[in-house]
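First up is the structure itself, then whatever we jot down about it.
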Protein chains: 2
Amino acid sequence: MGRKQDLVDTALRLFYEHGIHAIGINQVLQEAGVAKQTLYNHFESKDSLVEAAVEHRDNLIFSWLETRMNSRPAGEEALLEMFDAVHDWFNNREPALPRFCGCFFINACGEYSDPEHPVHKRCAVHKARVFELLKMHAEKVCCSQAEAEQLANALFLLKEGAIVKAHVEGDLDAALKAKAIASGMILPH
Amino acid sequence: MGRKQDLVDTALRLFYEHGIHAIGINQVLQEAGVAKQTLYNHFESKDSLVEAAVEHRDNLIFSWLETRMNSRPAGEEALLEMFDAVHDWFNNREPALPRFCGCFFINACGEYSDPEHPVHKRCAVHKARVFELLKMHAEKVCCSQAEAEQLANALFLLKEGAIVKAHVEGDLDAALKAKAIASGMILPH
DNA sequence: TCAAAAGTAGACCGACTTGTCTACCACGGA
DNA sequence: TCCGTGGTAGACAAGTCGGTCTACTTTTGA
């Protein structure tokens, strides 16, 4: 199954760096060193290759973030570790991740605005998974379920905002600023 | 100058709804009812039409937001009004704005990741303008310049995060949740 | 009134798009 | 040995891409 994974890896890299509609099938094939028929043996269309790329990116990012957060004690420290993790990401200090070009899921939804499109939906799934990860840790530092949900939501918005600011404005310290705000929100509870 | 503006309006609408690379010149021309030569009399390339569309969107969004915020007393009330404004935007209750498809500037940067590209830079300019608007009002409720900068930054991240959450996840209450968090950050100062 | 300016329609260019198809090759197991 | 599997290379189809060009018409202003 090496060829299929080569295709997904190459497609994801090119889609992430240049946008999905800007990259043609032929370019993916050439850079992956795979024949066209092989692609259409594994995928029924470009769109299904895009879906596979989104799914792959979901697994990559989620497991990376989960590992980073779980390297610290559950609760407050893990939540703050998230901001250190994305800070390393923004500054390309995370060898497991390709060069920072914003959030692939946000970018993909910009190209597939229809919320019913499979690609858009798959991106929403990723964000929901990350939110659940945050909520799990938020429950360790909050008294009630409702409070945990609120805290997780606040941290989620700060993280997404930092990603946008880092990418659009090139602010490489966006994650640290978000962390400073976040740390003030966790303690008072 | 009616034709030129028609082109920019139509291009912006199509680019915003479907993404920039997904829309061809011919489609813009057909929907605008304008001949191809007319386009190339006013713009030297598709890219320069894209730049004009970004600039037009900047003016549209900024003046809309500024008007909404200035309709309330400067400072705390204006800052909170921002969240009500984007809430109306998310829920398509703002007749001056087309149907919500996320932030055009974030989406555009997803398609032009290179921070040196004119389109990317123009998007960064828009975000900086909005930030300055926030900072101006933050200075009314903060004691120091540094505190104002921090508050404006926090509110900015919350707003960007809410836009992302509303678009990717379809959470139409994202702005209200962000407002609730924000209101807790303004008062204690 | 008349000429310049600005717009239209549409052919045309070369390159590229997704996707199909044919022909061939290399390897692994019966 | 022989066949099936999975791959390669590349032609091909039908259409679109950004962009140029010609020829014609409409508008505008002096």
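The values are calculated or read from the model by the stated rules, or taken from the named source; none is laboratory data. The structure displayed is predicted, hence computed values, not measured ones. Here the Cβ positions follow ideal geometry from the backbone for every residue, glycine too, while neighbour counts run over all protein chains shown.
The table below gives the values:
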{"item": "Criterion (out of contact with any strand residue (DSSP E or B) (no Cβ under 9 Å at 6 or more places or on another chain), surrounded by 15 or more Cβ atoms within 10 Å (Cβ to Cβ), at positive phi and within 14 Å of chain A (Cβ to nearest Cβ)) met by exactly one of B:Gly75, B:Gly102, B:Gly110", "result": "B:Gly102"}
{"item": "All positions within the stretch A:32-54 that are crowded, with 16+ Cβ neighbours inside 10 Å and either free of Cβ contacts under 8 Å to residues at least 12 places away in the same chain or among the charged types (D, E, K, R) (or both)", "result": "A:Lys46, A:Glu51"}
{"item": "One residue from A:Leu60, A:Leu39, A:Leu29 being aliphatic (A, V, I, L, M), over 16 Å from B:His21 (Cβ atoms) and either away from DNA strand D (no atom under 12 Å from the Cβ) or within 14 Å of another protein chain (Cβ to nearest Cβ) (or both)", "result": "A:Leu60"}
{"item": "The stretch B:1-28 - residue that is near DNA strand C (Cβ under 10 Å from one of its atoms) and basic (Lys, Arg) and, of those, modelled with the highest pLDDT", "result": "B:Lys4"}
{"item": "Unique residue being closer than 19 Å to A:Ala124 by Cβ and surrounded by fewer than 23 Cβ atoms within 10 Å (Cβ to Cβ) when the list is B:Glu81, B:Glu94, B:Glu169, B:Glu160", "result": "B:Glu169"}
{"item": "Criterion: within 12 Å of another protein chain (Cβ to nearest Cβ), in contact (Cβ under 8 Å) with a residue 24 or more places away in the chain and assigned to a loop (DSSP other than H, G, I, E, B) - qualifying residue of B:Leu176, B:Leu172, B:Leu151, B:Leu158", "result": "B:Leu172"}
{"item": "Matching entry among A:Asp84, A:Asp88 (being charged (D, E, K, R), away from DNA strand D (no atom under 16 Å from the Cβ) and in contact (Cβ under 8 Å) with a residue 40 or more places away in the chain)", "result": "A:Asp84"}
{"item": "Top-ranked residue of the stretch B:55-84 - restricted to ones that are small (Gly, Ala, Ser) and not in a loop (DSSP other than H, G, I, E, B), ranked as farthest from DNA strand C (Cβ to nearest atom)", "result": "B:Ala78"}
{"item": "Residue ranges of helices (runs of 4 or more DSSP H) in the stretch B:1-54 with at least 1 members under 24 Å from the mean Cα position of the chain (by Cα)", "result": "B:2-18, B:25-32"}
{"item": "Pair list, Cβ < 6 Å and 6+ apart or interchain, from the stretch B:3-16 residues that are within 14 Å of chain A (Cβ to nearest Cβ) and of a type in the set (S, T, N, Q) to residues that are assigned to a helix (DSSP H, G or I) and within 14 Å of DNA strand D (Cβ to nearest atom)", "result": "none"}
{"item": "Of all residues in the stretch A:117-148 being of a type outside the set (Ser, Thr, Tyr) and in a loop (DSSP other than H, G, I, E, B), the one that is farthest from B:Gly184 (Cα to Cα)", "result": "A:His117"}
